[in-house]
Structures are given as structure tokens and as C-alpha cells.
1. Count, please, the residues in the range 30-53 that happen to be at pLDDT below 80, in contact with a helix residue (DSSP H, G or I) (Cβ under 7 Å, 6 or more places away or on another chain), in a helix (DSSP H, G or I) and surrounded by fewer than 20 Cβ atoms within 10 Å (Cβ to Cβ).
2. Just one of (1) touching a helix residue (DSSP H, G or I) at 6+ places or on another chain (Cβ under 9 Å); (2) modelled with pLDDT of 90 or more trips up residue 192, so point out which.
3. What number of residues within the range 201-242 satisfy the criterion of being in a helix (DSSP H, G or I) and closer than 24 Å to residue 43 by Cα?
4. Kindly establish whether residue 56 is outside any loop (DSSP other than H, G, I, E, B), more than 16 Å from the chain's Cα centre (by Cα) and in contact (Cβ under 8 Å) with a residue 24 or more places away in the chain.
5. Take the residues in the range 144-189 that are closer than 17 Å to residue 247 by Cα and surrounded by fewer than 15 Cβ atoms within 10 Å (Cβ to Cβ), then tell me which one is modelled with the lowest pLDDT.
6. Is there a residue in the range 125-137 that is closer than 21 Å to residue 46 by Cα, assigned to a helix (DSSP H, G or I), under 21 Å from the mean Cα position of the chain (by Cα) and at pLDDT 85 or above?
7. Considering every residue within the range 272-287, establish whether at least one is more than 21 Å from the chain's Cα centre (by Cα), at pLDDT 95 or above, assigned to a helix (DSSP H, G or I) and surrounded by fewer than 22 Cβ atoms within 10 Å (Cβ to Cβ).
8. Which residues, counting only those in the range 9-22, are in contact with a helix residue (DSSP H, G or I) (Cβ under 6 Å, 6 or more places away or on another chain) and part of a helix (DSSP H, G or I)?
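The values are calculated or read from the model by the stated rules, or taken from the named source; none is laboratory data. Keep in mind that this is a model prediction, so the values were computed, not measured. Every residue, glycine as well, gets a Cβ built from its backbone with ideal geometry; the counts of neighbours run over all protein chains shown.
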């Protein structure tokens, strides 16, 4: 049992590095295809849309509850790794590029939520701590392509893509070989096409899910636009910044917050820590017009690092609250459908920010992100969720 969590975490880290693989080499893609920086929103949204479609299919078919989660994880990791390699094909059209990113996102639906399902099958006690490590691995995986890019600036961009695909395949294989089905797994007995709606009949589940949706409005848009924030600052203030490396550090810092949030949740409860983190990230949105244009590099970086911490600290806690308020036999399906809706919201948020950036002063566009934390806080505070202090997080 002691080796199970490290293997799940490492596999999740390797496989979720597929998520922002295209974003890390965005400059090279723009140059090769003759595009402009606004294409970032479309590239990110194609992965998100694929993930949404994948999670919807997986949820309706109850894949994670009807079949061995480890085998599902392995199969999806292998397919996603191959699809990620597709963007290296010479002579690729823009439509094909977006298509490969879409289908990579589709099979990520069998990795991220299924990884959480596997963890919940092993760790009913201390689930918040376990998911803290797991979502921390997602954060590191998301940021990892930026790190690879920062260390391979003199190498062809395809080296980054190939390296990430190899790691993803290794992660899927590790899950298959070292992580059998967990002792608390209760397989779904039959296909029920409406099973994914079951959790929403529970008021506590709805409150946790809506809090998560507000959190998702902000999270991936922030991650996607971190390089843009740094590039804009560099242009406005003629600063010299290592944008790929700083993007990695800012996003990756959230992994520490996920782990710390999971540990604090065992003492103070998942809902309380999630509420605090969501409030702080909403405050960062409101302060962005001032602190993103401060003229001081240390102040800018300090602000972005703090935002990078609090923007994701609540993510594993919402997953914990969702998992604790649904029946075991439909837990995988419920986690998957909540992910599906949450990531649907990220597309709307990313495209709204793209639209705003084309029509208003960029100084004020990140104020829009505050709407998510505000609505999420309202959902949390209107309902008395069971406290994982008494029902260990």
C-alpha cells in the first residue's frame, strides 16, 4: 500500500504533461504555421473541448466504474501519447493540428479523473491528503512542458513533444503494472445511461460541484495566460524575463499548495480551506490591474507566484468533497461528469478573455476571472457541507 500513492502520483505527473505540450512550444507553432499569439486560446480550447467530450462519453458509459480503472488509465495514456506525437508530422494543416490536440484531450479523460478514482479506491481515510498529492502531480505535469522548453531552446521543438509522449507512455505502463484495482473499489453492476446525474440529487454534492465550477472558471484561463501576462509585461516595461522557465515555476508552485491544502484539510476541514483559497484567488483577480502593471519585477513575480499557489490549492479539496458525497459504485462516474462540466466552463472563460483582449485595455481583462470565485463562494457558503474534520479528509 505504501508504494501505491507514489506510483499513482508519478503516473499522473507523466501523463498530464500532455495537457499543455502544445502551449509550451506555442512560439514555434506560431512561426511554422504563420499564426499570431491569439491562436493560443484556440489551441488550449481544443484540448479542453476534447477533454469535455471524452469525460461526457466516459461518464455516460460509466467507464471508470464498469471496467478496471488501471487498465482504462493505461489504454488512454498510450493512445494520448501517440496522438500527441501527431503534431510533429511535417506538412500538418492548422485543422489537423487542432484535431490532434482535441483527441489528446479526449483521452486525457481516461487519465485525470480516473487517477482520482483509483486513489479513492485505495484511500478512503485521508482522501484529501491523497488527492492533494495527485492534483499536485497534475499541476506539475501541466507546467512541465514549459520547463522542458526552457532547457531545450537550442533544440528543435519536436524534441519537447517526443519527450512528453515517452513519459506519458511510461506513466500509463507504471499504472498498469504496479497499481491493481483498489480494495475499496465497488464496480458498477450494469450500464445505466443516467447514472452520471445521480450525484446532483444530493444537495451537498451540488454545493461542492458548483464551488468547483467557479474555481474552474479561473484556473485554466490563468494557467493558459501566464506566458501572455509575462510577455505583455516584458513588452510594456522592456524587462528581460525567461518566460518559459518563469511560466513553469509559477504554474508548478501550485503543486505545493495542493499538498499543503490537503494536509490542512485533515485538521480544519476541506470546505474551510477550499473557501479560504477560493477567496484569495478571487482577490488576486481584483488586484490584477494594479499588480500586473506595477513596474517592479519582484512585485510582479511575487504576485504571480502567490496567485499560482492559491488558484489551485482548492482543486483537490473540491474533488474530495465531491467524492465523499456520492455512492461508491458511482464515484468514478460522478468525478468524471463534474470534470466534464468544469472543463466546459474553462473553454467559455478562455474564449471570453481572448475576446476581451481584442476589445478593451488588457490591464483590466483579468478582472473577468473574479466572477468564478465569487459564484463558487456563494455555492459553498449557502450549503452546510459535511465537515471532513469529523469525516477525515
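1. 3
2. (2)
3. Within the range 201-242, the subset in a helix (DSSP H, G or I) is 201, 203-237.
Okay, now just the ones that are also closer than 24 Å to residue 43 by Cα, so 212-235.
Residues that pass the stated criteria total 24.
4. Values: outside any loop (DSSP other than H, G, I, E, B): yes; more than 16 Å from the chain's Cα centre (by Cα): yes; in contact (Cβ under 8 Å) with a residue 24 or more places away in the chain: yes.
Judged against the criteria, residue 56 is a match.
5. 153
6. Narrowing the range 125-137 to residues closer than 21 Å to residue 46 by Cα: none.
Scanning the range 125-137 turns up no residue that is closer than 21 Å to residue 46 by Cα, assigned to a helix (DSSP H, G or I), under 21 Å from the mean Cα position of the chain (by Cα) and at pLDDT 85 or above.
7. Our first condition is that a residue be more than 21 Å from the chain's Cα centre (by Cα); within the range 272-287, this holds for 272, 286-287.
Subsequent filtering for residues that are at pLDDT 95 or above retains 286-287.
Restricting the remaining residues to those that are assigned to a helix (DSSP H, G or I) gives 286-287.
Checking which are surrounded by fewer than 22 Cβ atoms within 10 Å (Cβ to Cβ) leaves us with 286-287.
Yes, the conditions are met somewhere in the range 272-287.
8. Start the filter on the range 9-22 by keeping residues that are in contact with a helix residue (DSSP H, G or I) (Cβ under 6 Å, 6 or more places away or on another chain), which leaves 9, 11-22.
Result: 9, 11, 12, 13, 14, 15, 16, 21, 22.
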